[in-house]
Amino acid sequence: MNMFRVDRERLWSSLMEMGVFGATADGGCRRLTLTEEDKQARDLFCSWAKAANCRITVDRIGNIFARREGTDPQAAPIMIGSHLDTVPTGGKFDGVLGVVAGIEVLRRLDELSIRTRAPVEVVVWTNEEGSRFSPMTLGSSVFVGDYSLETALGRTDDAGVTVAEALARIGYAGNGAVGDREVSAYLELHVEQGPLLKEGGEQIGIVSGSFNARYFVATVKGEPGHVGPTPMDMRRDALVAASALTLEIDRIGRSRGRDGRSNAPHLSLYPNVRGVIPGEVRLSCDVRHSDRSEMLAMERELREACARVASERRVEISLDQYFAFGPIEFDSGMTALVRETAKALEFSHRDILTVASHDAIPMNTICPTALIFVPSETGISHNAAEYSTPEQCGDGADILLNMALRL
Ligand SMILES: [Zn+2]
C-alpha cells in the first residue's frame, strides 16, 4: 500500500500561528467561542482554505466548511474537522489540532496533485466547548438535528448576549442551511486530554467508544438573611449546603478509582452580596463512568447525597439533568480502518474510550465516524500546559491523510 506523509514542520508552524489568537502570558489560549479572538482564528482558517483552492461556506449556526471538490459531483463529502474555540484556561491543541491537521491534508493533496473521487471538506464547528454558551458541541449538534437552529441561536451567555447576536457581531452568521445533507464519513483528530497513551507509550489512540456521562444542575434553595445578626443555628445557607454537596460529588468519583469521574465545576450564587447569607446556588455537576451501570449507581449516590445534604442543612435541593452522552460505539468499519492505517504507517496504537464529548459524538449518529487521539505529553488539557509534540501531531495528521484517501 502506498502511504503518504504530511509536512510536519508546516503543520506545527500553522498550529503555533493559530495559537497567537487569544494567547495568554502563561503560554495557553483564551479563545471563547464567537469572540473577537475566535473571529481572528476563523479568518485565518478561511484564508488558509482559500489559498488551498477551497470553496468556503458558513451555515446559519456559524459552522465553516472548506470544500475541495472531487471528481464525482454526486459523491457525498468526506469531512475532517474539530473546533477552534477554547475554554478560558485553554491551550493550543484541544480542537485546534483537528482543524489545522485538516488544512494540512488539503495542502498535501494539492502538492501531490491528487484528485479524490469524493469532495473533502474541512469543518470548524461552532461552540464545541460550551463554556460561553451551554450546551457544548452546539454547532455539530444542530448540524445532526439534535437541537433546532432556533433553540441554539437563542442560547445566551452570562451577559445576556445570544448566539445569534454574537454570530452577527463577528460576521459569521452564515446563510447556509444547517445539516440536512449527506456526509459519507467524518474524521476527527484530537489530543487525548488524559495520561493513558503517554503512560502506555502508544502513538495513536483508536477511540472505540465513550464513557457514559450525565450532566445536571443542582439548585440549592436556602434563605437569604443578614450575615451579622442571624444566629448560626437559624441559618439556611445555600452556599454552605452547595459546598457540602461538592465534597460529596468529589467522593463519589474518587470511590471508583480510575474508571469514574465526577465534577462540580461551576456555580452561580444569589444574591452574591457581602452582607447577605446566600439564598440560592445553582451548581453544575456531572458523573461519568466507562461502565453504564456504574454511572447509574453514581447518579443514584448523587441523588442520595442531595437528599442528605438538604435535610442536614435545612435547604431544598433539586437535580435537573441538562445533558448526557454515552454509551457510544464508533463504527467498527472505521475503527478497523484507523487500525489498518496505523499498522501500515508503523505507528503503535491502542483502543481507548473518550471521557469528554467531542463533535465526533453527534456526527457519529449520522455517518461512519472515526475519532483518533494522539498523546497528551503532559496528560492534561483545558490548561496552558496542554502539549503534544510536533511528532505526535504529525502522526495523527498522517492517519487523517491516508484515511481520507482510502475512504
Ligand atoms: Zn476539544
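Results, tabulated for the structure shown:
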| item | result |
| --- | --- |
| Options Thr116, Thr126, Thr137, Thr71: the member that is out of contact with any helix residue (DSSP H, G or I) (no Cβ under 8 Å at 6 or more places or on another chain) and modelled with pLDDT of 95 or more | Thr71 |
| So Ala344, is it of a type in the set (A, V, I, L, M), without any contact (Cβ under 8 Å) to a residue 60 or more places away in the chain and surrounded by fewer than 21 Cβ atoms within 10 Å (Cβ to Cβ) | no |
| Criterion: part of a helix (DSSP H, G or I), within 16 Å of the ligand (Cβ to nearest atom) and among the β-branched types (Val, Ile, Thr) - qualifying residue of Val87, Val99 | Val99 |
| Among the candidates Thr33, Thr57, Thr24, Thr71, residue that is open to solvent by 10 Å² or more (accessible area, probe 1.4 Å) and within 21 Å of Asp157 (Cβ to Cβ) | Thr24 |
| Boolean, Ala336 is open to solvent by 20 Å² or more (accessible area, probe 1.4 Å), more than 15 Å from the ligand (Cβ to nearest atom), part of a helix (DSSP H, G or I) and among the hydrophobic types (A, V, I, L, M, F, W, C) | yes |
| Selected residue [acidic (Asp, Glu) and assigned to a strand (DSSP E or B)] from Glu182, Glu150, Glu188 | Glu188 |
| 1 or more residues among the basic types (Lys, Arg) and over 22 Å from Val20 (Cβ atoms): qualifying strands (runs of 3 or more DSSP E) within region 35-83 | 55-58, 64-68 |
| Residue that is farthest from the ligand (Cβ to nearest atom) [pool: residues in region 366-382 that are open to solvent by less than 60 Å² (accessible area, probe 1.4 Å), of a type outside the set (Ser, Thr, Tyr) and within 16 Å of the chain's Cα centre (by Cα)] | Ala370 |
| Evaluation of Thr86 against (1) open to solvent by 40 Å² or more (accessible area, probe 1.4 Å); (2) more than 22 Å from Gly145 (Cα to Cα); (3) within 23 Å of the chain's Cα centre (by Cα); (4) of a type in the set (Ser, Thr, Tyr) (one fails), failing number | (1) |
| Residues being within 16 Å of the ligand (Cβ to nearest atom) and either of a type in the set (S, T, N, Q) or surrounded by fewer than 19 Cβ atoms within 10 Å (Cβ to Cβ) (or both) - total across region 137-174 | 3 |
| Filter result for Gly209 (in contact (Cβ under 8 Å) with a residue 40 or more places away in the chain and in a helix (DSSP H, G or I)) | no |
| Residue in region 128-136 that is open to solvent by less than 40 Å² (accessible area, probe 1.4 Å), away from the ligand (no atom under 16 Å from the Cβ) and within 30 Å of Gly70 (Cα to Cα) present | no |
| Extreme residue, nearest to the ligand (Cβ to nearest atom), among residues of region 352-363 that are buried (at least 24 other Cβ atoms within 10 Å of the Cβ) and assigned to a loop (DSSP other than H, G, I, E, B) | His358 |
| Candidates Leu371, Leu302, Leu296, Leu400, filtered to the one that is touching a strand residue (DSSP E or B) at 6+ places or on another chain (Cβ under 9 Å) and either in a strand (DSSP E or B) or acidic (Asp, Glu) (or both) | Leu371 |
| Cβ pairs under 8 Å, 6+ apart, first in region 185-199 and open to solvent by 10 Å² or more (accessible area, probe 1.4 Å) and away from the ligand (no atom under 13 Å from the Cβ), second among the basic types (Lys, Arg) and modelled with pLDDT of 95 or more | Leu196/Arg350 |
| Residue match in region 107-122 (condition: within 16 Å of the ligand (Cβ to nearest atom), within 16 Å of the chain's Cα centre (by Cα) and open to solvent by less than 10 Å² (accessible area, probe 1.4 Å)) | no |
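The values are calculated or read from the model by the stated rules, or taken from the named source; none is laboratory data. In this text, all values refer to a predicted model and were calculated from it rather than measured experimentally. Ideal geometry is used to build each Cβ from the backbone, glycine not excepted, and the neighbour counts take in all protein chains shown. Accessible surface areas use protein heavy atoms only, side chains included; no ligands, DNA or RNA. Shrake-Rupley method; radii C 1.70, N 1.55, O 1.52, S 1.80 Å.
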